[in-house]
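Take a look at the structure below.
The values are calculated or read from the model by the stated rules, or taken from the named source; none is laboratory data. Note that the coordinates shown come from a computational prediction; the quantities given were computed from them, not determined experimentally. Here the Cβ positions follow ideal geometry from the backbone for every residue, glycine too, while neighbour counts run over all protein chains shown.
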Amino acid sequence: MAFLDIAHVGKTFGAASVVNDVNLAIEKGEFVTLLGPSGCGKTTLLRMIAGFESASSGSIHIDGHDVTLQRARQRRVGMVFQSYALFPTMTVADNIAYGLKIAREPKSAIAERVEQMMKLIRLSQHAQHYPWQLSGGQQQRVALARALASSPRLLLLDEPLSALDAKIRVALRDEIRALQRKLGITTLFVTHDQEEALSLSDRVVVMNEGRIEQVGTPFEIYNFPRTRFVASFVGTLNILNSRVLDEASGLVEVDGQTVTVARLRRSGHGERTLALRPEAVVLESPLAGRNSLMATIEEVNFLGSVVRLRARLQETVLSFDIFNDPGQTLPQRGSRVALGFSHDNLLELEAS
Amino acid sequence: MPPSPQSGAETTLPSVTAVPGPRLAIRLDWLGIVPFMLFALLFLLLPTAFLMVGAFQDAQGHFTLAKLGLLLQGNVLDAYLISLEVSAASAIVGAIAGFALAWAVVHGGLPAWIRPSLLTFSGVAANFAGVPLAFAFLCTLGRTGLVTLLLQHYAGIDPYSTGFTLLSFHGLVLTYLYFQIPLMVLIVTPALEGLRKEWREASDSLGGTALHYWIHVALPVLAPSVLGASLLLFANAFGAVATAYALTGSSLNIVTILLYAQIRGDVLHDPNLGYALALGMIVITSLSSAGYLWLSARTQRRRS
């Protein structure tokens with residue numbers, strides 16, 4: 001059994017089913033992110049693991065113990081909230097010491113641990129400050145230290161960076177990852193930000209409508225999305241509706257033109273949904289061994305270091321980026337161009 | 001080409017005309033609060049200054065501390081003590097009952113429609129005082145009041161047989177509670193709404209029980225608001241006169257009634273003692289209000 005084992009967990013609120021039959025196994029020391037849009041059930045799943053919500057079905061095991069029916073205070077799970085949730089009448093040191101005092105640790109041990117945690121988050125000089133005297137980023141670091149001070153078995157982070165501005169978000173993101181690596185604590189992180197999920201995690205769990213769509217490393221999730229949802233939610237993606245012409249060679253037809261797919265998932269003829277990352281497409285004359293599609297440029301957006309272009313086949317519209325090059329002439333709107341990409345770049349998505 | 005005198009005049013013109021704009025705007029802004037300032041000056045500041053001076057004068061206008069000295073003697077001191085007792089009792093009972101009501105509607109899981117209904121009612125009831133309130137209580141809990149008669153006929157309980165009378169200390173406290181409880185509900189509801197669910201969850205996940213949460217998190221957060229609101233309730237009751245006078249006439253010796261007796265112009269009147277009584281009241285209500293403001297500021301700072 002994995003360190004955190006979630007088996008057939010579901011949650012219903014009245015008639016609404018928010019989490020459906022979720023199965024997930026997380027190993028000790030892993031950093032896993034639940035990624036999905038608002039309302040996909042990721043926070044509800046996290047809250048069930050924390051013990052703030054009871055599971056309507058299924059079971060949750062932490063370190064081999066069934067915690068499904070345990071209260072939050074019995075689970076030894078550290079939680080960091082989006083809104084920091086620091087106790088406003090306590091100083092930074094008292095906030096960090098809260099869990100240790102409740103556990104009736106000796107005073108000297110508490111003082112030592114608090115000092116250690118404050119050094120870890122580099123806020124020793126703010127020990128006697130109150131939360132309202134700190135910036136958002138500092139408050140969240142204190143919240144992290146408070147959650148970690150009691151040496152929990154599991155660390156849960158519920159969109160901890162969402163309330164911070166962009167620059168601090170990136171810095172704290174790196175800090176959280178470094179801390180997690182240093183302490184080796186099993187961590188479950190919830191976010192709707194794909195960049196956060198991809199940059200932080202050992203594995204990403206993409207959720208949609210209460211279900212897990214795909215679990216994989218950031219590399220797998222980004223490069224080999226299994227469903228149309230994952231493909232569109234993680235990064236920008238072009239969707240091509242195609243019809244199989246020759247299954248053996250992977251020859252398919254898209255808007256009256258033919259391209260080759262390196263690996264077709266399913267056998268048989270018929271309609272297939274293909275995905276193509278914008279960064280895989282280049283402007284090039286047709287080359288042997290590579291796919292080529294003729295398209296008409298509809299839009300040219302100069303974004304500085306890159307230029308984003310939009311081109312239409314017939315029904316299908318493709319977006320792609322090229323690097324800015326002062327020596328290069330950009331295609332004009334309405335001009336016909338050849339778009340090249342390798343056979344491997346065309347991914348067949350699971351039928352929805 | 002050298003600038004002509006005319007072009008020079010043109011360049012300086014904008015800076016000359018730009019100056020009166022902001023000044024005019026400032027004047028217009030101030031104009032908006034002139035009625036309030038006039039009102040405050042005529043009906044608050046000048047009378048306060050007048051009575052503060054009068055408290056140190058005898059009937060002939062000579063300086064004396066005799067009137068202030070009277071505050072510590074006999075029935076005047078008794079009046080202050082009764083006023084303080086009535087105010088404290090109505091503030092404490094009002095604060096406890098109001099807090100319980102506000103808690104029930106904010107965190108008690110009651111049906112959603114109860115909350116706006118209670119707050120609207122509280123808004124009305126908190127301002128219901130004076131002769132109408134006294135009349136309402138006489139009609140319901142007076143010796144022949146509707147509720148008294150209903151209790152006698154249907155429950156076999158006669159409140160007056162237990163020694164209760166509306167025209168007494170307890171009767172006055174009960175009447176004051178009619179506006180004290182709603183006032184507490186109005187003041188403390190935002191504070192209760194400010195108790196964040198995440199604090200409870202954070203405490204839980206750190207191993208805390210409900211008792212830990214209340215002692216270490218919720219009560220310290222709520223304390224300034226609850227104490228501050230209680231002080232405001234106290235000041236509110238301490239300054240009330242119309243309700244008490246309409247209800248008890250002069251049978252209950254509280255400061256405001258004693259003060260009224262000094263300035264209404266009958267044979268026993270002593271305006272300078274009235275000013276001294278008022279000065280004593282100003283000191284007490286100011287201390288109470290200052291306490292409220294200080295506690296409110298602390299609460300605001302924590303929320304920011």
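Summary of values
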read-out: Of all residues making up region B:138-176, the number that are surrounded by 21 or more Cβ atoms within 10 Å (Cβ to Cβ) and hydrophobic (A, V, I, L, M, F, W, C); value: 3
read-out: Residue within region A:91-111 that is among the hydroxyl-bearing types (Ser, Thr, Tyr) and either on the phi > 0 side of the Ramachandran plot or in contact with a Phe, Trp or Tyr (Cβ under 9 Å, 6 or more places away or on another chain) (or both) present; value: yes
read-out: Any chance residue A:68 is of a type in the set (S, T, N, Q), more than 16 Å from residue B:208 (Cβ to Cβ) and in contact with a Lys or Arg (Cβ under 8 Å, 6 or more places away or on another chain); value: no
read-out: Test: residue A:28 is within 14 Å of the chain's Cα centre (by Cα) and basic (Lys, Arg); value: no
read-out: Pick from region B:121-137, criterion outside any helix (DSSP H, G or I) and surrounded by 19 or more Cβ atoms within 10 Å (Cβ to Cβ), ranking: nearest to the chain's Cα centre (by Cα); value: B:126
read-out: Filter pass, residue B:189 being under 24 Å from residue B:87 (Cα atoms) and either in contact with a strand residue (DSSP E or B) (Cβ under 7 Å, 6 or more places away or on another chain) or more than 14 Å from chain A (Cβ to nearest Cβ) (or both); value: yes
read-out: Some residue of region B:241-248 being of a type in the set (A, V, I, L, M, F, W, C), within 30 Å of residue B:159 (Cβ to Cβ) and either in a loop (DSSP other than H, G, I, E, B) or at pLDDT 90 or above (or both); value: yes
read-out: Single unsatisfied condition, residue B:207 versus (1) assigned to a loop (DSSP other than H, G, I, E, B); (2) over 30 Å from residue A:157 (Cβ atoms); (3) not hydrophobic (A, V, I, L, M, F, W, C); value: (2)
read-out: Single condition residue A:234 does not satisfy, out of (1) touching a strand residue (DSSP E or B) at 6+ places or on another chain (Cβ under 9 Å); (2) β-branched (Val, Ile, Thr); (3) at pLDDT 90 or above; value: (3)
read-out: Residues located in region A:76-109, provided they are away from chain B (no Cβ under 13 Å) and either under 24 Å from residue A:50 (Cβ atoms) or crowded, with 20+ Cβ neighbours inside 10 Å (or both); value: A:92, A:93
read-out: Answer from A:113, A:73 - the residue that is within 12 Å of chain B (Cβ to nearest Cβ), without any contact (Cβ under 8 Å) to a residue 60 or more places away in the chain and touching a helix residue (DSSP H, G or I) at 6+ places or on another chain (Cβ under 8 Å); value: A:73
